[in-house]
Amino acid sequence: MRVKMTGLEFRRFMDGFGLAILMLGFLVCAVLLVVAVMPLFGVRPTPTPPLAFQGLVLIALGGCLRLLVRIDKRLERRSSDPEANVG
């Protein structure tokens, strides 16, 4: 059993984890949007759960994780490129 992770494996894991959190946030906000629109069609919904802030936080957290992975990839590519270090 291997305990260490390479940089590439870690970035893939964090990118996937960030995507999962981002999609979960979108799902929470989509459910709340459907519940908010239900009275327009004459359906009386149950009391709206107060999850809008949590959904937005999940979206922001997932987006930030994915952005950090992309920044890390770009910085690693730039530092390993010999032409970038000359100029």
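Of note:
- Region 26-41 and region 46-71: distance between their alpha carbon centers, rounded to Å: 16
- The portion of the accessible surface of the chain made up by carbon and sulfur, rounded to a whole percent, is 71 (1.4 Å probe; DNA, RNA and ligands excluded).
- Look at [x] 21, 15, 10; [y] 41, 15, 8; [z] 26, 16, 9: the one that is semi-axes √(5λ) of the Cα gyration tensor in Å derived from this structure is [y].
- Solvent exposure of the chain amounts to 82 Å² per residue of accessible area, where only protein heavy atoms count and the probe is 1.4 Å.
The values are calculated or read from the model by the stated rules, or taken from the named source; none is laboratory data. Bear in mind the structure is a predicted one, so any value in this text is a computation, not a measurement. Accessible surface is based on the protein model in full, side chains and every heavy atom, while ligands, DNA and RNA are left aside. Shrake-Rupley method; radii C 1.70, N 1.55, O 1.52, S 1.80 Å.
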